[in-house]
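Here the structure comes first, spelled out in structure tokens, and everything after it is commentary.
The values are calculated or read from the model by the stated rules, or taken from the named source; none is laboratory data. All figures in this text were calculated on a predicted structure; none of them were measured in a lab. Virtual Cβ from ideal backbone geometry, glycine too; neighbours counted across all protein chains shown. With ligands, DNA and RNA removed, areas are computed over all heavy atoms of the protein, side chains included. Shrake-Rupley method; radii C 1.70, N 1.55, O 1.52, S 1.80 Å.
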Amino acid sequence: MPSTTTEPDIDSPRPEQDKPGFGRTFARYLTEANGVMVTVYSLLLAFALGALLIIVSDPSVRRAWAYFFNRPADALSFSWIAVSTAYRDLFEGAILDIGRLQEFFAGDATLAQVLRPISETLTYTTPLIFTGLAVGLAFRAGLFNIGGHGQFIFGMLGAVIVGFAVDLPPLLHVPLALLAGALAGAIWGGIPGALKAKTGAHEVISSIMLNNIATYFLLWALGTTFLHSTTSQELVSKPADMSARLPRLLGWAGTGLRVSVGLLIALALAFAVWWLLRKSTFGYRIRAVGANTDAAASSGIDIGRTFVTTMGVAGGLAGVGGAALVLGLNPYTVNPGTVAEYGFDGITVALLGRAHPGGIVAAALLFGALKSGTLHMQPAIPVEMSTLLQAVIVLFIAAPALVKTLLRLRTPRGGLNTLEARGW
């Protein structure tokens, strides 16, 4: 009897492989140590540690924990009250005071009083966007721009000098003062890039030294007859003329709202940096050098030139930040206290934002809210709480393996995402 074989029917439908649904895919994403979740978990861990420190620093809560085994409800209740009150004050000081909003609708408060918390947050956010972009852009080229402090100083000096020494109408005076700040910051930022390109000097070492030089140069310059104020005996510069000052962004809502048009300039530059990195030839060179210097050199990219131009553009971004600060905030002068720590805080912002312009804007907004909110939390909570939270966030962001280990997260495809600067 002849044997028969059955040929497979190629036209018959094949059983489809089971595809994971949205819930399963989302759950997998939440338990993976990818860049987004490491950032989210770092924030949650930082605020959890902050809650623990609030509990420990409150005398009444500590007393309640002393008799925890007799009345555990007291310790838990007092801890919850302390933490919830502190973080409520943080929110009200940074975003919106609900009580003030109710008073506004009742006719007992002005719109300016309602908007003051968000105005202060945006005021602190603005310079952080500039310095964060300066650090983030350098990161994309494999460089660590730790010199934002000095670049910020020279940006302020360039802007305020043009602000009081040149007589122009506002439409010309403001752009020229901002351009002077950008140029001064770019020159100061380009120096470490040139030293690295020509001599191999590491940009971290040279930019730290340049930060110190900029600080002492500022002290000397403020003591000169040309720059020193004619109306004050303190170490402060002459104020920028009215024609060089940036208008207030919320001036229409009332007095006391300090946020200026500098915020819009910062957002515009964040978009410009994104376009530069993703759409331009120069941005391609930056990313290529940051990814692999040897491969970039083999493809014909001038590595040294890319180092110099990248650090120059980064310094220009920090310089515009210094210019926007001195031209946008009363009393429109430069003094040693004006500089604060914006240059160094930009490193924190760039790390949290993963050197992406959109992430940097979000990180700057977070740190601006922390700064504004912790000032509102005083005297119950010290202002150093903001610095502590920032430091813990950076610790976890810079060490994704630590977050992965603490929370037992899975390693994502391609490994853990970290920002690196070469040459150490």
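There is no residue in the range 360-374 that is on the phi < 0 side of the Ramachandran plot, buried (at least 23 other Cβ atoms within 10 Å of the Cβ), part of a loop (DSSP other than H, G, I, E, B) and not polar (S, T, N, Q).
Taken as a whole, the condition of being outside the structural domain of residue 272 (by the TED database) and open to solvent by less than 20 Å² (accessible area, probe 1.4 Å) does not apply to residue 325. Under 17 Å from the mean Cα position of the chain (by Cα) and either closer than 30 Å to residue 292 by Cβ or open to solvent by less than 10 Å² (accessible area, probe 1.4 Å) (or both) - does that describe any residue in the range 151-174? Yes: one or more hits. Note on the range 328-359: among residues that are in a helix (DSSP H, G or I) and small (Gly, Ala, Ser), the one that is surrounded by the fewest Cβ atoms within 10 Å (Cβ to Cβ) is 358. Among helices (runs of 4 or more DSSP H) entirely within the range 58-149, having at least 2 residues that are small (Gly, Ala, Ser) and open to solvent by less than 10 Å² (accessible area, probe 1.4 Å) singles out 72-94, 111-140. Looking across the range 294-312 at every residue that is within 18 Å of residue 137 (Cα to Cα) and of a type in the set (Ser, Thr, Tyr), the one that is most open to solvent (accessible area, probe 1.4 Å) is identified as 309.
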